[in-house]
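Engineer: One structure follows; several queries about it will come next.
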Amino acid sequence: MEKKLIFTTSSCEDTEKLGQRLARSMRDGGLVAFYGELGAGKTSFIRGMGKIICPDARVCSPTYSIINEYSRDGRTVMYHIDAYRIKDDDDLYSTGYYDLTEIPGCVIAVEWSENIPYALPEECVRVSIEKTEEGGRKITITDPPPGFADT
C-alpha cells in the first residue's frame, strides 16, 4: 500500500532540513525520484540530503553534467542525476544510469523523474515538490523508507 506524507516548508533552509531528515533514514541506500517544475526546490532538498550522506561535498545541480558523484571516505555514496534533457532510453543508457542502480548502499537522487518513468524501480521513494502561493513549498513524500517518521 502506498504511503504519502505531506509537508510544507517556508524557506530553502526548511526544504534542506527535510532532505536531511530523509537522508538519515536511507542507511541502506536507494533511489529517490524527484518531481516538480523548474525552481520548485528539488536541488535544495537534495543539497540537504548531501549534508548527511556526504557532509564535505558541495552539492549542486547536474544540469550540464547530467550526473554528479559524491564521495565520503574515498567511496562514492551518492549520485545526483538530472534527467531534464533525457529524451529516451538510449539517452539514459548512455549516461550509465542502469549501472549506478546496481551499486549497493548508494543513494541515487533523480531530478525530473517524470522524464524516465520506465526506468524507476518500483520500490523507490518519490518526492513531489510544488510551489505554494505564499512562496513556500508543498512536499509530498511517497513510500518513505522505514524509520523516516522516527528521524
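The values are calculated or read from the model by the stated rules, or taken from the named source; none is laboratory data. Every value quoted in this text rests on a predicted model; they were computed, and no experiment measured them. Here Cβ is always computed from backbone atoms with ideal geometry, including for glycine, and neighbour counts include all displayed protein chains.
Engineer: Residues of region 51-84 being out of contact with any helix residue (DSSP H, G or I) (no Cβ under 8 Å at 6 or more places or on another chain) and more than 19 Å from residue 38 (Cα to Cα), which ones? Steps first, answer last, please.
Structural biologist: Looking only at region 51-84, we keep the residues that are out of contact with any helix residue (DSSP H, G or I) (no Cβ under 8 Å at 6 or more places or on another chain), and these are 54-56, 58, 62-66, 68-69, 71, 73-76, 82.
Scanning region 51-84 gives 54, 55, 56, 58, 69, 71, 73, 74, 75, 76.
Engineer: Also, I was wondering about something else. Condition check: out of contact with any Lys or Arg (no Cβ under 7 Å at 6 or more places or on another chain) and of a type in the set (Val, Ile, Thr). Does residue 59 satisfy that?
Structural biologist: No, not satisfied.
Engineer: Still on this structure: Residue 30 versus (1) at positive phi; (2) surrounded by fewer than 22 Cβ atoms within 10 Å (Cβ to Cβ); (3) in contact with a strand residue (DSSP E or B) (Cβ under 6 Å, 6 or more places away or on another chain): which is the lone unmet condition?
Structural biologist: Just one mismatch for residue 30, condition (3).
Engineer: Return the pairs, sorted by first residue and then second, in which the second residue is basic (Lys, Arg) and surrounded by 20 or more Cβ atoms within 10 Å (Cβ to Cβ), the first residue lies in region 39-68 and is under 15 Å from residue 82 (Cα atoms) and free of Cβ contacts under 8 Å to residues at least 40 places away in the same chain, the beta carbons are less than 8 Å apart, and the residues are 6+ apart or on different chains.
Structural biologist: 59/47; 60/47
Engineer: Further question on the same structure: Do the conditions hold for residue 69, that is, is it in contact with a Phe, Trp or Tyr (Cβ under 7 Å, 6 or more places away or on another chain), more than 17 Å from residue 24 (Cα to Cα), among the charged types (D, E, K, R) and part of a helix (DSSP H, G or I)?
Structural biologist: Numbers: in contact with a Phe, Trp or Tyr (Cβ under 7 Å, 6 or more places away or on another chain): yes; more than 17 Å from residue 24 (Cα to Cα): yes; among the charged types (D, E, K, R): yes; part of a helix (DSSP H, G or I): no.
In short, no.
Engineer: Could you check how many residues of region 114-130 are modelled with pLDDT of 95 or more, out of contact with any helix residue (DSSP H, G or I) (no Cβ under 9 Å at 6 or more places or on another chain) and either surrounded by 11 or more Cβ atoms within 10 Å (Cβ to Cβ) or under 21 Å from residue 69 (Cα atoms) (or both)?
Structural biologist: The qualifying residues number 3.
Engineer: Shifting gears a bit: Only one of 93, 98 is over 23 Å from residue 139 (Cα atoms), among the aromatic types (Phe, Trp, Tyr), assigned to a helix (DSSP H, G or I) and in contact (Cβ under 8 Å) with a residue 12 or more places away in the chain. Can you tell me which? Talk me through it step by step, then tell me what you get.
Structural biologist: Numbers: 93 fails: in contact (Cβ under 8 Å) with a residue 12 or more places away in the chain.
Exactly one residue qualifies, and that residue is 98.
Engineer: Residues that are aromatic (Phe, Trp, Tyr), under 14 Å from the mean Cα position of the chain (by Cα) and crowded, with 20+ Cβ neighbours inside 10 Å: does region 77-90 have at least one? First the steps, then the outcome.
Structural biologist: Of the residues in region 77-90, the ones aromatic (Phe, Trp, Tyr) are 79, 84.
Going one step further and asking which of them are under 14 Å from the mean Cα position of the chain (by Cα), we end up with 79, 84.
With crowded, with 20+ Cβ neighbours inside 10 Å added as a condition, the list becomes 79.
Taking every residue of region 77-90 in turn, at least one turns out to be aromatic (Phe, Trp, Tyr), under 14 Å from the mean Cα position of the chain (by Cα) and crowded, with 20+ Cβ neighbours inside 10 Å.
Engineer: Of the numbered conditions (1) in a strand (DSSP E or B); (2) in contact (Cβ under 8 Å) with a residue 40 or more places away in the chain; (3) within 14 Å of the chain's Cα centre (by Cα); (4) under 17 Å from residue 38 (Cα atoms), residue 141 satisfies every one except a single condition; which is it?
Structural biologist: So residue 141 meets the others, but not (4).
Engineer: Quickly run through region 33-66 and pick out the residues that are in a loop (DSSP other than H, G, I, E, B) and either surrounded by 24 or more Cβ atoms within 10 Å (Cβ to Cβ) or of a type in the set (S, T, N, Q) (or both). Steps first, answer last, please.
Structural biologist: Pass one, region 33-66, residues in a loop (DSSP other than H, G, I, E, B): 36-41, 54-66.
Correct list: 41, 61, 63, 65.
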